[in-house]
Amino acid sequence: MSEMNKRLPMVEQDEWLHPVEEEINLRHRLFRERLDDIESRCGSIVDYANGYRYFGWQYDDTLAGWWFREWLPEAEDVFIFGDFNNWQRTQLRLDKGGDGVWSIFLPDAMYADRLTHGSLYKIHVHGRNGWHDRIPAYATRVVQDEATKNFTAQFWIPQPFDWSGDDFDIARNTPLLIYETHVGMAQEREGVGTYAEFEKKILPIVRRDGYNAIQIMAVAEHPYYGSFGYHVSSFFAPSSRFGTPEELKSLVRKAHSMGIAVIMDLVHAHYVKNLNEGINELDGSPHLYSKEGEAGYQKYWDSKLFDYGKREVQHFLLSNVKYWLDEFRFDGFRFDGVTSMIYHHHGYVDFDCRERFFDEGVNRDALVYLSLANTLVHSFRPSAVTIAEDVSGMPGMCRTTADGGIGFDYRLGMAIPDFWIKLLEDIPDEDWSIDEMWSVMTNRLPAVKTVAYAESHDQALVGDKTIAFRLMDKEMYHSMNRESQNIVVERGMALHKMIRLMTISTGGEAYLNFMGNEFGHPEWIDFPREGNGWSYAHARRQWSLSDNGFLRYSQLGDFDKAMLRLVKRHKVLSDGYPYLWQTDRDNKTLVFSHKGLLFVFNWHPQTSLPDYVAQVPWAGKYVMELSTDEKRFGGFEREKVGTEHFSFSETDADGTVRHYIRIYNTSRTATVFRWKR
């Protein structure tokens, strides 16, 4: 095959993709053409993604004053106003340039004493939808008036933030053990938590528990608190509910000093449809950042969709990606809603055949944008991490763009929590299929790095249930005392630990947990709303439960810490796939090895087997290192940690030598053995 006709590596290495090679080549060509165009005009995609340095407020040293710019191509008239001009709407008119950018210059000679740090402002836009007071798309600070609940942009020009000494590199944090967080509900008191509180109180918990990364939700400004931050209104403004931009930077700097990476939950899949707070119809037209009509509307989320093929929209979003990396030093992104982005049907179909990934339902423009975004991230900060939330399994999602892929570092293993929910909801314990369990946990391609998780914030919301709540339900409210004896709680405690250990030891190359789930937080998340009397009672985390030595929550938390220490000490997640040695369906036992450790999972609800024969990979001594049944984790400790088991060998008829150990294989227990020669 000639160099010109050489196959892309992702196609060359996967025969399943050969029939759709033409479509993959087309996607790659569209990406390369767009990237080549960017590089020919701007030198690099990093230099291209500088919208935040041009739009909004920019100081001009030569002219001694402030420029304000906004892209509003179909606006008929635009004014800027605020407290610096006594809120006179039509006093300061912007001029329109040929590229649809409106601008105005405010010299220090006239405005130095009026346009000051903290000044409030808006733009007054006349378009086909009438006259409206709006918040600019590139506003970096937006605040809400407590009395009126209205949002207003704020002229935010603080002293430069001191990043000196911050040389953190996320590449050091391998494997990634991610603590998914929400700043506003991370505190125990009823109310909205702050960046400062999170820095002081939550970061030490994260480090103590053994996680080395946090994934922060709801960073960008959003008008409705209960949206969990997924209906973004101002993409360049950190939510003022939690504090100032400098306090967010301080949080990041502190996390770095503690060896904790900070990943942002980035929402580029859609935006809030509100006119008063957001960017919808900002220039008066229905197609500024979106396509017109149904093509620009996400009916399942009641929000607006970006037009990823429009170059100005690409520039806006890419500038947003670089802004958070540059100004706030985030260590990467979890891209939310990727499935919705890359399909015109937003993923609401069965992905039951190859054609689903390559037919007219695929949004090529979104794939090009995501490829550009990943190129930008890894060009600007090579070690930064990108994670795709894609439930469909789009081929190439985690292949490099050079290979013909989209360029993400990881995908979320979204089938794993769905599997656990199905088991716990629909199938009696005695009917659980350990074959299906193994298949789901290990169902990933070697080149696709996966973030495994048993549950995330989705399962913790009202309308759903966490694993702990599914297992123990109302018994959590009165039977979690260590002295109480309750069969529901005993089962729940055992399975809660086993599910987590199974997930982290088989499901991927990284691991994620939503804050509080590790110790079985007993209550769901319910944000203040009319239906609950605008209460914050369930929009918080009760850390005191995990610190209370009289309650079993602390035992679940202690197991989580021990589990993380184990996988870090033995580098389990860097070892690729686990190796399955034994599937005992009658006794519901799985035996597998991973990085010098032997794992034995007995999922049977009753059967405990003395002198159980388990096949092992190597001859030698196997020392029990961790068990979900230890007393310190709320178990019965039917066998003690440190117990030694010596292998014996048998020879098959074909001459194959196999090694075994005898153990006490106790019901509803996962045991980890360390091999010693």
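The values are calculated or read from the model by the stated rules, or taken from the named source; none is laboratory data. Only a predicted model underlies this, so the values are computations on that prediction, with no experimental measurement involved. All Cβ positions, even for glycine, are placed from backbone atoms using ideal geometry, and neighbour counts span all protein chains on display. Please note that ligands, DNA and RNA were not included when accessible areas were found on the heavy atoms of the full protein model with its side chains. Shrake-Rupley method; radii C 1.70, N 1.55, O 1.52, S 1.80 Å.
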- Would you mind checking the pairs 561/631; 122/149; 497/621; 422/497; 497/588 and listing those with alpha carbons more than 19 angstrom apart? 497/621
- Note on the structure: Length-normalised contact order of the range 539-622, Cα under 8 Å, at least 6 apart, in percent, tallies to 17
- Message: Run the helix sum for the chain: -39,500 (n - 2.57) per DSSP H stretch of 4+ residues, divided by residue count, reported at 222 nm to the nearest 500 deg cm²/dmol.
- Response: -7000 deg cm²/dmol
- Item | the range 427-530: relative contact order in percent, alpha carbon pairs under 8 Å with at least 6 residues between | 42
- Message: In whole percent, and with a 1.4 Å probe on the protein chains, what portion of the accessible area of the chain is carbon and sulfur?
- Response: 48
- The value for the range 342-391 (convex hull of the alpha-carbon atoms, volume per residue, Å³) is 81
- Query: Around residue 486, with a cut-off of 12 angstrom between Cβ atoms, what is the net charge of the other residues, counting Lys and Arg +1 and Asp and Glu -1?
  - Reply: 0
- Residues of the range 350-377 with backbone N under 16 Å of the label point set 7 Å from the Cα of residue 171 along Cα→Cβ are 377
- Task: Calculate how large, on average over all directions, the projected area of the Cα convex hull of the chain is; give the answer in nm² to one decimal.
- Result: 33.8
- What is the local net charge at residue 444, summed over the other residues whose Cβ is closer than 15 Å to its Cβ (Lys, Arg +1; Asp, Glu -1)? -3
- Computed over the chain: relative contact order in percent, which uses C-alpha pairs under 8 Å that are six or more apart: 10
- Message: Before I look further, what does the chain give for accessible area per residue, probe 1.4 Å, in whole square angstrom?
- Response: 40
- Task: Starting from the Kirkwood radius over alpha-carbon pairs of the range 81-224, derive D by Stokes-Einstein at 25 °C in a medium of 0.890 mPa s and give it in µm² s⁻¹.
- Result: 128
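Which entries in 201/249; 322/449; 254/304 show an alpha-carbon gap greater than 26 Å?
The answer is 254/304.
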- Size of the dipole of the range 327-478 about the Cα centre, Lys and Arg at +1 and Asp and Glu at -1 on the beta carbon, nothing else charged, in debye to 20? 800
- Item | By average C-beta atoms within 10 angstrom, highest first, the peptides 156-162, 247-253 | 247-253, 156-162
- Task: Whole Å is fine, so just give me how far the alpha carbon centre of the range 15-91 lies from that of the range 137-208.
- Result: 26
- Sequence ranges 285-294, 373-382, 528-537, ranked by mean other-Cβ count within 10 angstrom, highest first: 373-382, 285-294, 528-537
- Message: Starting from a Cα-only point model with no solvent, please compute log10 I(q)/I(0) by Debye for the range 110-192 at q = 0.23, 0.24 1/Å.
- Response: -1.17, -1.20
- Message: With only alpha-carbon pairs counted, each pair once and no self-pairs, how large is the Kirkwood hydrodynamic radius of the range 174-333 in angstroms?
- Response: 16.6
- Query: Taking +1 at the Cβ of each Lys and Arg and -1 at the Cβ of each Asp and Glu, which of 333, 274, 240 sits farthest along the dipole of the range 239-349 towards its positive end, judged by Cα position relative to the Cα centre?
  - Reply: 333
- Query: Whole number please: convex hull volume per residue of the Cα set in the range 189-269, in Å³?
  - Reply: 97
- Relative packing of peptides 411-417, 147-153 - highest average C-beta neighbours within 10 Å first: 411-417, 147-153
